1. Can you name every residue in region 46-68 that is surrounded by 17 or more Cβ atoms within 10 Å (Cβ to Cβ) and not β-branched (Val, Ile, Thr)?
2. Look at region 118-167 and say how many of its residues are basic (Lys, Arg), surrounded by fewer than 19 Cβ atoms within 10 Å (Cβ to Cβ) and outside any loop (DSSP other than H, G, I, E, B).
3. Being more than 16 Å from VAL82 (Cβ to Cβ) and polar (S, T, N, Q) is the filter here; which residues of region 13-56 pass it?
4. Mind checking which residues of region 70-105 are under 23 Å from LYS159 (Cβ atoms) and touching a Ser or Thr at 6+ places or on another chain (Cβ under 9 Å)?
5. Can you work out which of the residues in region 223-250 that are assigned to a loop (DSSP other than H, G, I, E, B) and of a type in the set (Gly, Ala, Ser) is nearest to LYS6 (Cα to Cα)?
6. Name the one entry in GLY152, GLY146 that is closer than 17 Å to ASN112 by Cα, without any contact (Cβ under 8 Å) to a residue 24 or more places away in the chain and not charged (D, E, K, R).
7. For region 195-241, what are the residues that are farther than 15 Å from VAL180 by Cα, surrounded by fewer than 19 Cβ atoms within 10 Å (Cβ to Cβ) and acidic (Asp, Glu)?
8. Can you name every one of the helices (runs of 4 or more DSSP H) wholly within region 13-117 that holds 1 or more residues which are aromatic (Phe, Trp, Tyr) and at pLDDT 95 or above?
Amino acid sequence: MLLEGKVAVISGAAGPRGIGMATARLFAEHGARVAILDLDRTAPAATAAALGGAYRGYACDVSSRQDSQQAIAAVLDAFGKVDILVNNAGVTQPRQIMQVEPEDYEFVLDVNLRGTLYLSQAVIPHMRARRQGSIACTSSVSAQRGGGIFGGPHYSAAKAGILGLAKAMARELGADNIRVNCVTPGLIQTDITGDKLTDAMKAEIASGIPLGRLGTPLDVARAMLFLASDLSAYVTGATIDVNGGMLIHG
């Protein structure tokens, strides 16, 4: 039980086949109480109720500073503390560079990058007061390799921004004993990929991955568990690649 007695907040966690949900389930298995944040349309409260007593669900648009602050305040009211924040909420769009319109750019950057900032800002004062905490951020292999299969260049930019933001937060918050790290998933079979990949496409992609398969949400959740637990007590400002070897870099 790596997270016994801990309280975790996970954004973008109501999707049934998503990284956030897999992380929520795994954290609860390891003893954590979990607050699921997501948009109204995904009914986070209903999702949490269906999962059981270790979960609470709150509607939250992470691109809104007010929403983020209100959600964290509600979690603190319900659980009394927050030990772990997983900034997982994200969106993508399949665009080429000349297809990216202003509204596309703002949408993708707002949810992915601004949302990471706002939700972190909402929880940092509480973590500072307690002089402890772990913040894990979901970036992407597309930030490292300059694009992926489903995300456009604005998605790569947003996810690269998360890497820089997390490192800056790690440097600033280390004195408060708050650790900040990133996970960079490769191609993970989630709600985002959905039914867009045929069996033939999956086989072709897997042939270029050293471990020979596409990733699962649980693969990423296990990395998040490491970063959330005391197993990583001396790890901050780090980036953990969860891509099966799709990208191997120095």
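1. Listed by number, the residues that qualify are ALA48, LEU51, TYR55, ARG56, GLY57, TYR58, ALA59, CYS60, ASP61, SER63, ASP67, SER68.
2. Residues in region 118-167 being basic (Lys, Arg), surrounded by fewer than 19 Cβ atoms within 10 Å (Cβ to Cβ) and outside any loop (DSSP other than H, G, I, E, B): 4 in total.
3. Matches in region 13-56: THR42, THR47.
4. Hits for region 70-105 are ALA71, ILE84, LEU85, VAL86, ASN87, ASN88, ALA89, GLY90, THR92.
5. SER229
6. Within the list GLY152, GLY146, the selection yields GLY146.
7. Within region 195-241, ASP195, ASP199, GLU204 qualify.
8. Fully inside region 13-117 and qualifying: 19-29, 65-79, 102-109.
The values are calculated or read from the model by the stated rules, or taken from the named source; none is laboratory data. Remember, predicted model here, so these are calculated numbers, not experimental data. Counting neighbours? That spans all protein chains shown, and the Cβs are built from the backbone with ideal geometry, glycine included.
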